[in-house]
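Quick notes on the structure that follows.
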Amino acid sequence: MPVPQLLVLFGSQTGTAQDEAERLGRHARRRRLDCCVQPLDSYPVANLIREPLVIFVCATTGQGDPPDNMKNFWKFIFRKSLLSTSLCQMDFAVLGLGDSSYAKFNFVAKKLHRRLLQLGGNALLPPCLGDDQHELGPDAAIDPWLGNLWEKIKGLYPAPLDLPEIPPGVPLPSKYIFQFLQEAPRIGAEELNIASSAPQRPPSELQPFLAPMVTNQRVTGPQHFQDVRLIEFDITDSSISFAAGDVVLILPSNSEAHTQQFCQVLCLDPNQYFMLKPREPGVPYPPGLPQPCTVWHLVSQYLDIASVPRRSFFELLACLSPHALEREKLLEFSSARGQEELWEYCNRPRRTIVEVLCDFPHTAAAIPPDCLLDLIPRIRPRAFSIASSLLAHPGRLQILVAVVEYQTRLKEPRRGLCSSWLASLNPGQAGPVRVPLWVRPGSFRFPETPDTPVIMVGPGTGVAPFRAAIQERVAHGQTGNLLFFGCRLRDQDFYWETEWQELEKKGSLTLVTAFSREQERKIYVQHRLRELGPLVWELLDRRAAYFYLAGNAKDMPTDVSEALKSIFQEEGQLSNTDADTYLARLQQTLRFQTETWA
């Protein structure tokens with residue numbers, strides 16, 4: 001029987017599922033399987049009926065939602081018109097990535113597995129449920145599952161006898177060949193950038209809009225532990241439009257210091273130009289990378305050298321290492337038994353790719369440029385809730401950014417790539433400061449009926465999307481706006497205090513605040529909700545209000561849900577079970593919506 005092509009399809013939000021899919025692809029090629037790895041939404045899903053062997057790798061995001069790059073696939077695969085025999089010729093397996101601290105742990109993988117069975121697919125194995133909360137991360141579940149998967153595939157589709165497996169220590173051919181140019185091309189440097197300052201169509205990831213930064217203002221007090229910025233962009237002539245609840249995606253750059261350090265340790269000339277050539281026919285060029293390109297552009301704006309490397313990075317690095325001691329350590333880090341040590345070395349202190357390469361200097365100096373795009377992932381865009389309405393600020397887009405900085409056992413503080421980069425930009429300098437961005441719909445849907453009240457709970461920077469919503473609703477004459485805002489101290493991190501007070505005076509807003517550190521007992525938004533239980537019940541039960549929650553995903557969403565259920569019991573005289581049902585019904589009818597982040 002001829003060996004079929006293995007298709008690996010992934011749905012990834014943060015890059016973990018993509019990394020696992022590409023790792024699967026490499027393992028398949030070592031086993032001499034012809035393999036294609038693709039994002040779910042770029043695959044023509046109607047072709048699935050002809051695929052004999054498919055592995056789906058999918059993350060679960062938010063409240064059990066599929067990642068953005070599999071949403072179109074998700075809609076198609078759940079069409080009621082699909083026949084129960086549609087996929088009867090397909091052998092499949094589903095690898096899920098999730099976090100067991102969320103109620104809907106690996107919801108997407110479980111639901112997809114069930115749906116593929118309903119459509120006649122043959123499951124090679126039960127779904128793999130990788131868990132971020134496990135002390136060894138998702139690999140604790142993935143490693144044994146993959147071992148079983150390859151045994152299954154080998155039994156069904158034996159590899160040709162004349163082609164032995166490629167051993168793990170031997171590097172696979174790179175995806176691309178770097179062709180360095182002897183002299184700089186005549187094209188101007190500004191034309192190299194794929195982003196545009198005057199786009200013909202709505203900006204997207206493939207062609208972001210280079211938005212001029214207008215203001216970059218710290219909005220927390222000087223004594224406050226965190227630097228939070230209100231940043232405004234000029235989007236005039238960008239063809240960008242957005243509504244309350246929408247999200248802006250920003251593509252950050254690496255710092256100059258990290259870019260120089262990387263080039264130095266890899267012995268790369270940052271000013272050298274190169275062209276890329278795919279090694280195999282049909283392999284697309286890396287999206288968003290100009291041709292020709294400088295090494296500086298590649299490292300500063302494309303390669304995610306400030307990210308914490310995954311296990312696959314160490315697997316490939318070990319293959320490339322000419323140094324016996326460094327290679328031995330890298331092999332240990334990439335083995336199943338070395339995962340605890342890798343966690344201690346890399347994940348716990350949040351050690352970055354550039355720092356790891358500095359720790360393995362002989363290996364770093366021997367990395368062929370051809371392998372860079374296989375070794376290091378692309379910088380991913382960061383999503384921010386839009387904090388303004390075009391009705392209140394025409395031609396402008398505002399975001400509220402908490403600058404991420406924290407200390408681990410490493411000497412240098414850990415810094416969030418995008419927030420630190422944005423905070424470092426100074427729009428007052430000579431010449432415009434431009435930031436590549438585009439907009440996509442958010443998960444919030446606000447009621448269109450003018451007299452429907454909304455209750456919004458937004459502690460900290462979670463208040464950002466509600467400022468956009470309140471501005472939009474006030475512009476439309478909608479006054480039923482109840483906002484619960486929480487922060488530490490009134491004089492340090494009370495965002496938009498004056499604006500809220502003005503709206504209160506006009507009768508457009510009811511504001512309820514919780515300043516957690518201004519009294520001995522900490523008071524949070526959930527305490528204020530309980531205090532105003534009669535009003536909350538009146539709005540939800542008698543006036544069909546919508547309830548929105550945004551902010552940190554750790555404990556706050558659960559605490560707020562518990563506060564709501566206690567209100568339903570006390571004010572609505574519901575039993576514990578009926579209160580759960582009432583909340584579930586609000587969620588199903590989109591009258592209880594959440595948007596949280598880690």
(message) Just to check I understand the Karplus step: with θ = phi - 60° and J = 6.51 cos²θ - 1.76 cosθ + 1.60, what whole-Hz values come out for the range 284-294, glycine and proline as x?
(response) x, 5, x, x, x, 9, x, 10, x, 9, 8
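Over the range 439-516, what is the relative contact order in whole percent, taking alpha-carbon pairs under 8 Å and six or more residues apart? Before the final figure, lay out each step's value.
On the way: 89 pairs, mean separation 24.6, N = 78.
This gives 32 percent for the range 439-516.
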(message) Tell me the angle of helix 139-156 to the major Cα principal axis of the chain, expressed in degrees between 0 and 90 and rounded to the nearest ten.
(response) 50 degrees
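Starting from 0.36 nm per residue, how many nanometres of slack lie between K75 and T14 once their C-alpha separation is accounted for? Provide the component values of the computation, followed by the final result.
Values: separation 61, 0.36 × 61 = 21.96 nm, distance 2.10 nm.
Here the answer is 19.9 nm.
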(request) Could you work out how far apart the two model spin labels at Q519 and S42 are, taking each label as a point 7 Å from the Cα in the direction of the beta carbon, and quote it in nm? (result) 5.5 nm
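Calculate the all-directions average of the projected area of the range 290-414's alpha-carbon convex hull, and give it in nm². Show your work: numbers first, answer last.
Details: hull surface 42.5 nm².
One quarter of the hull surface, i.e. the mean projection, equals 10.6 nm².
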(message) Order 278-288, 303-313, 364-374 from most to least packed using the mean count of other Cβ atoms within 10 Å.
(response) 303-313, 364-374, 278-288
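Tell me, in nm to one decimal, what length is gained between D578 and A383 on full extension, where the rule is 0.36 nm per residue of separation less the Cα-Cα distance?
Numbers: separation 195, 0.36 × 195 = 70.20 nm, distance 3.64 nm.
In short, 66.6 nm is gained.
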(request) Specify the angular offset, from 0 to 90 degrees and rounded to the nearest 10, of the alpha carbon long axis of helix 256-265 from the longest principal axis of the alpha carbons in the chain. (result) 20 degrees
(message) Once neighbouring chains are kept in place and the probe is 1.4 Å, which whole percent of the accessible area of the chain is contributed by carbon and sulfur?
(response) 51 percent
(request) Classify the range 308-357 as rounded, prolate or oblate from the Cα gyration tensor: take a ≥ b ≥ c as the square roots of its eigenvalues, call it rounded if a/c is under 1.5, otherwise prolate when a/b beats b/c and oblate if not. (result) oblate
(message) Quick check: pseudo-label points 7 Å beyond the Cα along Cα→Cβ at L136 and E504, how many nm apart are they?
(response) 5.5 nm
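How high is the relative contact order of the range 170-322, given as a whole-number percent (alpha carbon pairs under 8 Å, six or more residues apart)?
After rounding, I find 29 percent.
Counting only C-alpha contacts under 8 Å and six or more residues apart, can you give the relative contact order of the chain as a whole percent? Walk me through the numbers on the way to the answer.
Working: 1130 pairs, mean separation 72.0, N = 598.
For the chain, the relative contact order is 12 percent.
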(message) Please compute the Kirkwood hydrodynamic radius of the range 96-138 from all pairs of different C-alpha atoms, in Å with one decimal.
(response) 11.1 Å
(message) Please report the equivalent ellipsoid semi-axes of the chain, computed as sqrt(5 x eigenvalue) of the Cα gyration tensor, largest first, in whole Å.
(response) 43, 31, 23
(message) Using the Karplus curve 6.51 cos²θ - 1.76 cosθ + 1.60 with θ = phi - 60°, what ³J(HN,Hα) values do you get for each residue of the range 246-254, in whole Hz, with x for Gly and Pro?
(response) 6, 10, 9, 9, 10, 9, x, 10, 6
(request) Name the long-range amide H neighbours of Y176: under 5 Å, sequence gap of 5 or more, or other chain; modelled H, no Pro or chain starts. (result) R279
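Computed over the Cα atoms, what is the radius of gyration of the range 444-598 divided by 2.2 N^0.38 Å, N being its residue count? Walk me through the intermediate numbers first.
Details: Rg = 14.9 Å, N = 155, 2.2 N^0.38 = 15.0 Å.
Compared with the compact-globule rule of thumb, the range 444-598 sits at 1.00.
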(message) Quick check: from the Cα gyration tensor, does the range 58-97 come out rounded (a/c under 1.5), prolate or oblate?
(response) oblate
(message) Between 0 and 90 degrees, rounded to the nearest ten: what's the tilt of helix 464-475 against the longest Cα principal axis of the chain?
(response) 50 degrees
(request) Label the range 46-169 by shape, choosing from rounded, prolate and oblate, from the square roots a ≥ b ≥ c of the eigenvalues of the Cα gyration tensor; if a/c is under 1.5 it is rounded, and otherwise prolate applies when a/b is larger than b/c, oblate when it is not. (result) oblate
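The values are calculated or read from the model by the stated rules, or taken from the named source; none is laboratory data. Remember, it's a predicted structure, so these values are computed and weren't measured experimentally. For neighbour counting, all protein chains shown are included, and Cβ atoms are generated from backbone atoms with ideal geometry for every residue, glycine included. Note: accessible area is taken over every heavy atom of the protein model, side chains too, but ligands, DNA and RNA are not part of it. Shrake-Rupley method; radii C 1.70, N 1.55, O 1.52, S 1.80 Å.
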